Structures are given as C-alpha cells and as structure tokens.
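Undergrad: Just dropping this structure here.
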Amino acid sequence: MDTNNTPQTKQKAPILRKKQYLYLTEFFSGMSVMAVELGASRLLAPYFSSSQIVWTIIIGTIMIAMALGNYFGGKSADKDPDPDKLYKRILISAVWIAAIPFVGKLVILAVSALLIVTVSTNFLIWAAFLACMIVFVYPLFLLGTVTPSLVKYTTDSLEDNGKTVGTLGAFNTIGSIIGTFAPTFITIPSVGTAVTFLIFSGVLLALGVVYFISAKRCAVRVAVCSVLFIGCCFASTTLGFAFWEDKITFEGESVYNYLLVKDDEKRTVLSTNVLFGVQSIYMKDGGLSGLYYDTAMAAPLMSAGGENSDILVLGMGTGTFAKQCREYYPGVSAEGVEIDDKITYLAHEFFELDEDIKVTTYDGRAYLEALKAQRRKGKGRQYDVIMVDAYQDITIPFQMSSKEFFELVSQSLKPDGVMVVNMNIRSDTKDGINQYLADTISSVFTNVYTSDVSGSTNRELFASDNADMVNVLNSNISSVSDPDLAEKLGRVSRSLKPYKAGDLILTDDKAPVELLGMRVIDGMISSELKYYKKSV
C-alpha cells in the first residue's frame with residue numbers, strides 16, 4: 001500500500017517551511033471576510049434597502065458562519081493537521097465568492113418569489129435573512145476555518161504559543177482593517193460591487209494556487225477552480241442588479257448608493273433601489289411630474305416669500321423639486337444639499353440640472369449646523385421654504401428625523417417660513433413612522449398639515465409657525481398663471497388636513513426609524529401579496 005499521500009507522510013509544501021506564508025494566509029483571509037461583508041450590504045441594498053435592519057441581518061449571519069467555521073476548523077485541524085485541506089477550502093470559497101454577484105441576484109429573486117406564497121409578515125426580514133444564509137454562510141464558514149487551522153500549523157511548542165497566536169491575530173486584524181476601508185472607499189465606487197467580489201476572491205484563489213504549485217499536488221483541482229473562477233468573472237460582470245429592466249441609461253454605484261437611470265421618450269428617472277420606485281424624475285417636455293413634487297409646490301405659496309421664495313432642498317437628488325419651482329415660479333431662488341456627489345453628477349449629465357442651481361455636497365443636518373454657526377457670526381442665511389426629501393423607502397436617517405433636527409430646520413427658516421417633508425411610506429397606524437414624524441414635528445412647529453399624494457404611497461407634510469399658512473396658500477393660488485398647476489394646488493389645498501399632535505417624539509437618543517419603517521413596508525407588501533397568493 002502506497003502511504004506517500006496519507007496526511008501523516010505527505011511532504012510538507014516548501015512554501016510552508018517558514019511561517020510567513022501562513023501569516024499572509026491569515027492576513028488575506030481576514031481582509032476577504034470584511035470585503036465580502038461590505039459587498040454583501042451593497043448586493044442586498046438595491047433589493048432590501050441599506051437600513052440598520054439589513055445590516056443586522058448581514059452581520060448576524062456572517063457571525064453564525066464564522067462561529068461554525070471556527071469550531072469545525074479547530075476540530076478538523078486536531079483530527080487531521082493537513083494544510084492541503086485548508087487550502088482546498090480556500091479554493092472553494094474563492095470560486096463561491098466569485099459567483100456571488102451572478103448567482104446571488106438570482107437567489108434573492110428566487111427567495112422573494114418563494115416567500116410571496118409562504119410568508120404573511122416580516123417579508124423583507126425573512127427574504128434578506130434567507131438570501132444571506134444561502135449566499136454568504138457557506139463561503140464564510142470555509143474562511144472561518146482558517147484561523148484555528150493556522151494556529152495548529154504555526155505553533156511549534158507551548159513556549160511560543162502566545163506569540164504565534166498573537167501574530168496571527170495581528171495579521172488578521174490588519175487584513176480586516178484593509179478589507180473594511182478598501183471596498184467602501186476604493187473598489188466599490190470605482191469598479192462596482194461585482195468586481196469587488198472578484199478582486200478579493202481572486203486573492204483567495206491565488207493563495208490556494210501558490211500553495212499547491214509549491215506542493216506540486218492537486219493540479220486538476222487547481223485547474224478546475226481556476227477555470228470556474230474565470231467563468232465567474234465573465235458571468236458576474238454581465239448581470240446587472242435590475243437585469244430584467246430595459247431602457248437602462250446608466251447603472252452604477254457610489255459610496256452611498258446603488259444608482260439606476262432609466263430613460264424613455266417622455267422622462268428620465270433615477271432609482272436608488274430597484275424594488276422601491278423612483279427617487280428623482282425629469283420630464284422632457286416640461287410640465288408637472290405627476291409625483292409628490294407637484295404637491296410639495298404648495299409650500300412656497302404658503303410662505304411669506306410666495307413666488308419669490310428662497311428655497312433649500314435637503315436631499316437634492318437630481319434637482320426635480322428645485323427645477324419645477326424655478327419653472328413655475330420664475331422669481332424663486334433654489335439651492336440644495338446632497339450627500340452623494342455622484343447623484344449630483346448624474347443630475348447634470350442626464351437630468352439637465354441648471355448650472356446656476358447651487359448644490360452643496362454635505363449631510364443635510366450638518367449643513368444646518370453650519371448655517372447655525374454662521375448666523376451666530378451674523379453671516380448665515382435663512383429660507384422661506386426648506387424641503388426635507390432625504391427619506392428613501394425604509395432608509396430614514398435617524399439624525400434627520402429627531403426633534404433636535406427639526407429645531408435646526410425651524411431656526412433656518414425666515415419668519416412665517418414653511419417646511420415641507422416628503423414622507424414616502426404612507427401609514428395611518430397609531431404608532432407608525434409617519435405618526436412619530438408628525439408628532440415630533442408638531443413639538444417644534446405650531447401648525448402642521450398633511451396631504452396624501454394620489455396614486456402613490458407618499459404623504460407631504462407642511463409645517464410652519466404661521467397660523468394663517470393655508471389662507472396664504474389659497475390667496476396665492478389665484479395668481480398662478482399656469483392652469484394645470486393652479487388646478488393641482490387647488491386640489492392640494494382642499495386635501496390638507498390639520499394634524500392633531502400626539503406624544504410620539506423621536507430624539508437623537510431614541511429614534512427607532514428602521515423598525516417603524518419596516519412595519520409600514522411590511523404591511524404594504526403583505527396587502528399587495530394577498531393578490532398574488534390568491535392567484536397561485
């Protein structure tokens with residue numbers, strides 16, 4: 001019997017005669033784990049949002065995978081301390097991770113389709129969790145086996161055990177740091193999520209290939225994994241997030257968002273989530289958009305500035321609201337704050353945002369804080385209208401939903417100024433997100449009105465310290481020259497409902513906006529799914 005290939009007699013790979021390669025393995029595996037975690041958030045965001053809830057699901061499932069991998073890796077290393085098995089697992093994880101940008105999107109849609117007929121509540125939570133379990137647990141389980149295995153291979157005696165484990169931990173931590181920053185600030189914004197997965201899976205593949213070349217073993221396995229990796233490189237870069245869509249003008253990613261621009265003969269639209277509709281729109285022939293921007297155009301006419309208002313938009317997007325106000329109210333001045341400079345680039349590239357409309361790349365709340373500091377020096381300005389349009393699906397920045405934030409808005413308004421807030425997930429439950437927002441705003445402003453946007457889930461909220469704001473609107477409507485806008489504003493005026501304030505206040509210390517938003521989205525999805533379930 002030939003015993004040359006048994007674990008006990010197998011020749012040690014020359015590359016492992018020194019510990020440096022083992023330390024490099026720990027370094028790159030730690031880096032890849034964090035890169036996959038960051039990539040997972042970007043893979044799921046266009047379908048399930050990038051809320052704290054989705055992040056919790058991602059972190060939780062990855063921790064499950066790593067814990068199982070740590071246990072199995074240590075047990076396997078004690079039973080059979082063969083480095084070949086570790087590097088085989090690294091090869092498999094490399095191929096799996098390379099396939100994620102292609103297969104993962106199909107799994108997400110398949111899981112969503114399955115849950116349509118099986119789940120009645122918490123649809124998004126279950127869909128995101130199951131997708132994570134299927135797509136990410138196995139490759140990260142394999143990478144979880146790396147550290148305990150390397151401890152076994154690198155420890156020579158109990159005398160240097162602490163030093164060896166500490167060195168491995170240091171290499172893993174440094175790799176994890178790089179794997180955290182590189183995807184967010186370098187690879188994802190520059191080459192996208194799919195290529196990011198391929199880059200770090202390629203690093204893992206190289207680790208395994210170099211090891212087996214040094215060991216002069218498993219040539220067929222290495223060749224098969226390399227071919228599969230190359231195939232994944234082609235497949236993963238050809239399938240977009242919204243691969244079922246046509247008329248896609250632009251698809252890309254920024255530090256903050258997935259970005260999709262669609263174009264037809266009538267309009268150009270921007271979506272930052274393939275499942276939750278339109279974030280900005282440009283009507284090519286001019287005119288009203290048919291979306292919530294039209295309702296929000298009542299705000300200037302509620303203010304003392306009227307058709308000559310100074311307007312600030314927090315969450316500028318591609319400038320839809322600012323453009324419409326300038327088109328219909330030639331006397332207004334409008335500027336915006338947008339945290340994502342790539343959206344501002346798209347606004348000029350595809351949405352014909354006027355060059356003289358100022359857009360500041362900044363967080364909306366931080367911008368108001370800066371204005372407050374300038375006013376203390378006698379330099380900061382105030383506005384007739386401030387539009388808060390920073391809420392996307394269930395992704396509501398908690399720092400722009402609290403009482404402290406709305407106090408900053410109030411301080412940045414002129415006397416009798418008006419704030420308009422786009423609440424894009426309409427809800428009338430007694431403890432829903434809209435009730436929390438409206439109660440919070442009512443604790444700052446003395447007069448609050450709401451108007452539901454027909455044909456959508458949006459609700460516009462108007463707030464001011466001017467008790468006569470509705471009468472001011474009605475008085476100004478008569479001077480609107482465009483008949484379509486005048487008719488629209490008349491309907492808005494008739495639909496305005498005074499809000500009766502409650503005591504559901506969001507603060508900087510306590511603002512559970514993700515959970516509140518998830519409840520609304522879940523209710524909306526459940527009601528829509530009833531139709532499909534009846535059809536199955």
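The values are calculated or read from the model by the stated rules, or taken from the named source; none is laboratory data. Quick caveat, the model's predicted, so the values are computed rather than measured. Heads up, the Cβs are rebuilt from the backbone with ideal geometry, glycines too, and the neighbour counts pull from every protein chain shown.
Undergrad: If a residue counts only when it is farther than 21 Å from L143 by Cα, which helices (runs of 4 or more DSSP H) contained entirely in segment 31-129 have at least 2 such residues?
TA: Filter on segment 31-129 gives 52-79, 105-116.
Undergrad: Can you tell me which of (1) in a helix (DSSP H, G or I); (2) surrounded by 15 or more Cβ atoms within 10 Å (Cβ to Cβ); (3) modelled with pLDDT under 90 is the one S493 doesn't meet?
TA: So the condition that S493 fails would be (3).
Undergrad: Identify the single condition in (1) under 20 Å from A322 (Cβ atoms); (2) in contact with a Ser or Thr (Cβ under 7 Å, 6 or more places away or on another chain); (3) surrounded by fewer than 18 Cβ atoms within 10 Å (Cβ to Cβ) that V255 does not satisfy, given that it satisfies every other one.
TA: Going through the list (1) under 20 Å from A322 (Cβ atoms); (2) in contact with a Ser or Thr (Cβ under 7 Å, 6 or more places away or on another chain); (3) surrounded by fewer than 18 Cβ atoms within 10 Å (Cβ to Cβ), V255 breaks only (1).
Undergrad: Additional query: Within segment 500-513, is there a residue that is more than 29 Å from V54 (Cβ to Cβ) and modelled with pLDDT of 95 or more?
TA: no
Undergrad: List, please: which pairs have Cβ atoms under 6 Å, are six or more places apart or on different chains, and start with a residue in segment 341-356 that is among the small types (G, A, S) and end with one that is surrounded by 15 or more Cβ atoms within 10 Å (Cβ to Cβ)?
TA: As it stands, the answer is A347/T318; A347/G319; A347/L353, since those pairs meet every condition given.
Undergrad: Being over 19 Å from L496 (Cα atoms), in a loop (DSSP other than H, G, I, E, B) and touching a Lys or Arg at 6+ places or on another chain (Cβ under 8 Å) is the filter here, so list the residues in segment 409-442 that pass it.
TA: The answer is S412, G432.
Undergrad: I've got another one for you. Do we have L228 as surrounded by 20 or more Cβ atoms within 10 Å (Cβ to Cβ), of a type in the set (A, V, I, L, M) and farther than 20 Å from F48 by Cα here?
TA: no
Undergrad: Residues of segment 130-146 being outside any helix (DSSP H, G or I) and either touching a strand residue (DSSP E or B) at 6+ places or on another chain (Cβ under 6 Å) or surrounded by fewer than 19 Cβ atoms within 10 Å (Cβ to Cβ) (or both), which ones?
TA: Listed by number, the list is empty, since nothing qualifies.
Undergrad: Only one residue in T237, T268 is hydroxyl-bearing (S, T, Y) and within 17 Å of K342 (Cβ to Cβ). Which one?
TA: T268
Undergrad: Answer yes or no as to whether Q411 is over 26 Å from L473 (Cα atoms) and either modelled with pLDDT of 90 or more or in contact with a Gly (Cβ under 6 Å, 6 or more places away or on another chain) (or both).
TA: Against the criterion (over 26 Å from L473 (Cα atoms) and either modelled with pLDDT of 90 or more or in contact with a Gly (Cβ under 6 Å, 6 or more places away or on another chain) (or both)), Q411 does not qualify.
Undergrad: Looking at I343, I339, which is the one that is crowded, with 18+ Cβ neighbours inside 10 Å and part of a loop (DSSP other than H, G, I, E, B)?
TA: One residue alone meets the criteria, I339.
Undergrad: Further question on the same structure: Return the pair list, or none, for Cβ contacts closer than 7 Å from residues in segment 363-376 that are in the same structural domain as I396 (by TED's automatic domain parsing) and on the phi < 0 side of the Ramachandran plot to residues that are of a type in the set (A, V, I, L, M) and outside any helix (DSSP H, G or I), at least 6 apart or on different chains.
TA: D363/I339; G364/L314; G364/V337; G364/A390; Y367/V337
Undergrad: Next question. Mind counting the residues in segment 48-89 that are farther than 30 Å from K152 by Cα and either crowded, with 23+ Cβ neighbours inside 10 Å or touching a residue at least 12 places away in the same chain (Cβ under 8 Å) (or both)?
TA: Number satisfying all stated conditions: 9.
Undergrad: Before we move on, is A45 of a type outside the set (D, E, K, R), out of contact with any helix residue (DSSP H, G or I) (no Cβ under 6 Å at 6 or more places or on another chain) and surrounded by fewer than 19 Cβ atoms within 10 Å (Cβ to Cβ)?
TA: Considered against the rule, which asks whether it is of a type outside the set (D, E, K, R), out of contact with any helix residue (DSSP H, G or I) (no Cβ under 6 Å at 6 or more places or on another chain) and surrounded by fewer than 19 Cβ atoms within 10 Å (Cβ to Cβ), A45 comes out as no.
Undergrad: Does segment 502-511 include one or more residues that are over 18 Å from A463 (Cα atoms) and among the aliphatic types (A, V, I, L, M)?
TA: yes
Rundown of residues vs (1) crowded, with 18+ Cβ neighbours inside 10 Å; (2) modelled with pLDDT of 85 or more; (3) within 25 Å of the chain's Cα centre (by Cα); (4) within 18 Å of G104 (Cα to Cα), yes/no style:
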{"position": "G208", "(1), (2), (3), (4)": "yes, yes, no, no"}
{"position": "F212", "(1), (2), (3), (4)": "yes, yes, no, no"}
{"position": "A215", "(1), (2), (3), (4)": "yes, yes, no, no"}
{"position": "V220", "(1), (2), (3), (4)": "no, yes, no, no"}
{"position": "T238", "(1), (2), (3), (4)": "no, yes, yes, yes"}
{"position": "F241", "(1), (2), (3), (4)": "yes, no, yes, yes"}
{"position": "W244", "(1), (2), (3), (4)": "no, no, yes, yes"}
{"position": "F250", "(1), (2), (3), (4)": "no, yes, yes, no"}
{"position": "L259", "(1), (2), (3), (4)": "yes, yes, yes, no"}
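Undergrad: Another question, if that's okay. Select, from T196, T155, the only residue that is buried (at least 16 other Cβ atoms within 10 Å of the Cβ), free of Cβ contacts under 8 Å to residues at least 60 places away in the same chain and either closer than 23 Å to Y21 by Cα or not hydrophobic (A, V, I, L, M, F, W, C) (or both).
TA: T155
Undergrad: If the requirement is being of a type outside the set (A, V, I, L, M), over 23 Å from R326 (Cα atoms) and in a helix (DSSP H, G or I), which of these qualifies: F445, F406?
TA: Criteria check complete, one pass: F406.
Rundown of residues vs (1) at pLDDT 95 or above; (2) surrounded by fewer than 21 Cβ atoms within 10 Å (Cβ to Cβ), yes/no style:
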position	(1), (2)
Y362	no, yes
R381	no, yes
V385	yes, no
D393	no, no
I396	no, no
E407	yes, yes
I433	no, no
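Condition check ((1) closer than 24 Å to I213 by Cβ; (2) in the same structural domain as I134 (by TED's automatic domain parsing); (3) at pLDDT below 90) across all residues:
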residue	(1), (2), (3)
M1	no, no, yes
N4	yes, no, yes
T9	yes, no, yes
Y21	yes, yes, no
E26	yes, yes, no
V33	no, yes, no
V36	no, yes, no
L44	no, yes, yes
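Undergrad: Oh, and also: Evaluate segment 444-451: report whether one residue or more is more than 25 Å from the chain's Cα centre (by Cα) and surrounded by fewer than 19 Cβ atoms within 10 Å (Cβ to Cβ).
TA: Yes: one or more hits.
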